[in-house]
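What follows is one structure encoded as structure tokens, with my remarks underneath.
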Amino acid sequence: MTQQRTPFVGGNWKMNTNASQGISLIDALQDGLKGDLVEVTVYPPFVYLREIAARCEGSDMLIGAQDCWHEPCGAFTGEISTGMLKDCPVQSVLTGHSERRHVIGETDELVNLKTKAALADGLVTVLCVGETLEQRENGQTDAVNESQIRAGLAGVGKDELDKVVIAYEPVWAIGTGKTATPDDAQDAHANIRALIAQMYDQRASEAIRIIYGGSMKPGNANELMAMPDIDGGLIGGASLTAEDFLAIVQAGATQAV
Ligand code: 13P
């Protein structure tokens, strides 16, 4: 990555950990963070956010939620608003994660509503995009990324883009142990950056962070993050082990200097 973008490393715990495991993990992460020039955010399950946020008060670690709802309050059983998240407090939220799109069935329109609500509430919003294996085999990677980004950012102004991070997470690489090659991931990231230039302008495209997710591990994080348009990672499985996650943060730190 280029030096002017601060690397971003996110740990998406998904539906993992119980209360005591979550606390042990966050304590170990805080102990291991070295104040490097990397923005580190962990995304624990909703029910642990408050306790974990309290434990991270005053530390460099930022806390985020894995999802949100776009209305501020009302009859939306089971949902959590961005205002409630800010109460925890959290600083960030994921929108459009592939498991929400492909397992839960979220549409581009819903992802867009959530993205706009999160940005309106000042949360750093990590918009996740990426193609399925079938789409990749049909040569549709860039087209899928483009349509998910155009739809996800519809109505998002240039002045809000500094709070947006785009996570390119090829669906076939998530939790499978298969990773995009650094060159393939770089191609997708460069095309996403060019798209942001088209949608906004050159300056916005140079400033926005585009991170890679999909079986990123300590063993491949360095070579992925060394690519010019890969500004960090969104980590699933490897974020559940402090040692592995910290090693990935370290890989990000190497790119920051
Ligand atoms: P894995 O790192 O387990 O492949 O998950 C990636 C991911 O979905 C992060 O959001």
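Counting only lysines at least 8 places from LYS178 when in the same chain, those with an alpha carbon closer than 23 Å to its own are LYS14, LYS217.
By the count of neighbouring beta-carbon atoms within 10 Å, fewest first, ARG150, ARG193 end up ordered ARG150, ARG193.
Rg and Dmax of the chain, based on Cα coordinates, read 16.8, 49 Å. Using modelled amide H (1.01 Å from N, peptide plane; none on Pro or chain starts), what sits under 5 Å from the amide H of GLY11, excluding residues fewer than 5 places away? For GLY11, whose amide H was placed from the backbone, the distant partners under 5 Å are THR41, VAL42, TYR43, ILE235.
Each Cα pair under 8 Å and six or more residues apart adds its sequence gap; the mean of these over the residue count of segment 1-96 is a relative contact order of 27 percent. The Cα-based radius of gyration and maximum Cα-Cα distance (Dmax) for segment 1-134 are 15.2, 46 Å.
Under 1.5 on a/c is rounded, so check that first for segment 90-240, then, if it is not, pick prolate when a/b is larger than b/c and oblate when it is not; a ≥ b ≥ c are the square roots of the alpha carbon gyration tensor eigenvalues. Intermediate results must be reported in sequence, preceding the final value.
Values: a/c = 1.38, a/b = 1.28, b/c = 1.08.
It comes out rounded by the Cα gyration axes.
Computing FRET efficiency as 1/(1 + (r/R0)^6) for ARG50 and PHE76, where r is the C-beta to C-beta distance and R0 is 30 Å, gives about 0.90.
Along Cα→Cβ, 7 Å out, is where each label goes; now give me the distance between the ones at ASN16 and HIS102 in nm to one decimal. Output for this residue pair reads 1.7 nm.
Here's the list of aspartates and glutamates a cross-link from LYS34 could span, going by alpha-carbon distance under 14 Å and ignoring same-chain residues fewer than 8 apart: ASP60, GLU243.
In Å, the Kirkwood hydrodynamic radius of segment 176-252 over pairs of distinct alpha carbons? 12.8 Å is the Kirkwood radius here.
Only the coordinates and a few stated rules stand behind these numbers; no lab work does. Remember, predicted model here, so these are calculated numbers, not experimental data. Positions of Cβ are backbone-derived with ideal geometry, glycine not excepted, and every protein chain shown enters the neighbour counts.
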